[in-house]
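> Let me give you the structure first, and then I'll get to my questions.
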Amino acid sequence: MFLEVNNVAKHFGGVKAVNNTSFHVNQNEILGIIGPNGAGKTTLFNLISGNYPVTSGEITFQGENITNQKPYDLCKKGIGRTYQVVKPFGNISVLDNVIVGAFNKFNRKDEAEAYSLEILKKVGLYEERDQIGKSLTLANKKRLEVAKALATQPDLLLLDEVMAGLNPTEVKEVLPMIKSIRKEGVTIILIEHIMEVVMTICDRIVVINHGEKIAEGTAEEVANNEKVIEAYLGGEAVNA
């Protein structure tokens, strides 16, 4: 398997943010992770990317046990991510923001800059390359977040709500970008609350609630799963 999460748990004191969760991702797949607010989705990303140590369980990436490795080592090995709250380097240019990520694989400034300019073209920010990071609109800050992650040349890209806060037009503009990233051979795990997006773009979907996986399958299988319906709508709605 390209990525395997095996019985992974993360406890904060008595709080089980993630509890014995298992799933896998196939190479060049787009896997969606959905669930109510507070379900543990971003915590999962933090475990995969090394931001948090796991309490128990194991994570393997391209055949290697990467459990509890450091984020910078995992980035070198090909795991890139975005953050739910956009974090541009506010006082430097858009281009320099991306160059920072490009130094993950490049040692020379001219090579990092040339690669970063290509990334900016791919995400639709080439014209904004000289703007200061904090001056961008929310939609463009989201694109910049993706560009920074892509600049590290990931094999696996974790996208954490890259469409949150965008209007419907902006959302539709992001979808082709995500599809084009996959076409270039990057495997994607996507956390998103916009169900239309998840159902349209993901090959498979994993649903978690209270830190545990409650369903997994195609969009149709997940949409018709009673546990999923109950998690989103509540038991009374299901019984009705």
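> So, in the range 153-176, how many residues would count as being more than 14 Å from the chain's Cα centre (by Cα) and modelled with pLDDT of 95 or more?
Total satisfying the criteria: 1.
> Just one of Glu145, Glu161, Glu173, Glu128 is touching a residue at least 40 places away in the same chain (Cβ under 8 Å) and over 16 Å from Val86 (Cα atoms); which is it? Steps first, please.
Numbers: Glu145 fails: over 16 Å from Val86 (Cα atoms); Glu161 fails: over 16 Å from Val86 (Cα atoms); Glu128 fails: touching a residue at least 40 places away in the same chain (Cβ under 8 Å).
Being touching a residue at least 40 places away in the same chain (Cβ under 8 Å) and over 16 Å from Val86 (Cα atoms) holds for just one of Glu145, Glu161, Glu173, Glu128, which is Glu173.
> From (1) free of Cβ contacts under 8 Å to residues at least 12 places away in the same chain; (2) under 20 Å from the mean Cα position of the chain (by Cα), pick out the condition that doesn't hold for Lys179.
It fails just one condition, (1).
> Provide a single number: the residues in the range 125-148 that are surrounded by fewer than 22 Cβ atoms within 10 Å (Cβ to Cβ), aliphatic (A, V, I, L, M) and in contact with a strand residue (DSSP E or B) (Cβ under 8 Å, 6 or more places away or on another chain).
Looking only at that region, the number is 1.
> Here's something else I'd like to know. Got at least one residue in the range 76-92 being among the polar types (S, T, N, Q), touching a strand residue (DSSP E or B) at 6+ places or on another chain (Cβ under 8 Å) and under 17 Å from Met177 (Cβ atoms)?
There is at least one residue in the range 76-92 that is among the polar types (S, T, N, Q), touching a strand residue (DSSP E or B) at 6+ places or on another chain (Cβ under 8 Å) and under 17 Å from Met177 (Cβ atoms).
> Right, something else. In the range 126-135, which residue that is assigned to a helix (DSSP H, G or I) and not polar (S, T, N, Q) is farthest from Ile181 (Cα to Cα)?
Within the range 126-135, the match that is farthest from Ile181 (Cα to Cα) is Lys134.
> Go through Asn51, Asn37, Asn65, Asn107 for me and flag whichever is within 18 Å of Lys213 (Cα to Cα) and not aliphatic (A, V, I, L, M).
Step by step, each of Asn51, Asn37, Asn65, Asn107 is checked, and only Asn37 is within 18 Å of Lys213 (Cα to Cα) and not aliphatic (A, V, I, L, M).
> Another question, then. Give all pairs with beta carbons closer than 8 Å in which a residue from the range 199-211 that is among the acidic types (Asp, Glu) meets a residue that is assigned to a strand (DSSP E or B); count only pairs at least 6 apart in sequence or on separate chains.
From the range 199-211, the pairs are Asp203/Ile30; Asp203/Leu31.
> Follow-up question, since we're still on this one. More than 24 Å from Asn20 (Cα to Cα), touching a residue at least 12 places away in the same chain (Cβ under 8 Å), assigned by TED's automatic domain parsing to the domain that holds Leu47 and among the aliphatic types (A, V, I, L, M), is that true of Ile194?
So Ile194 fits the description; yes.
> Residues that are free of Cβ contacts under 8 Å to residues at least 40 places away in the same chain and closer than 21 Å to Leu136 by Cβ: list the helices (runs of 4 or more DSSP H) wholly contained in the range 70-125 that include at least 1 such residues.
Working: elements: 71-76, 94-102, 109-123.
By residue number, 94-102, 109-123.
> Take the residues in the range 42-69 that are β-branched (Val, Ile, Thr) and assigned to a loop (DSSP other than H, G, I, E, B); name whichever of them is farthest from Gly32 (Cα to Cα).
Residue satisfying both the conditions and the ranking: Thr55.
The values are calculated or read from the model by the stated rules, or taken from the named source; none is laboratory data. Just so it is clear, the model here is predicted, and its values are computed rather than measured. Don't worry about glycine lacking a Cβ; one is built from the backbone with ideal geometry, like all the others, and counts go over all protein chains shown.
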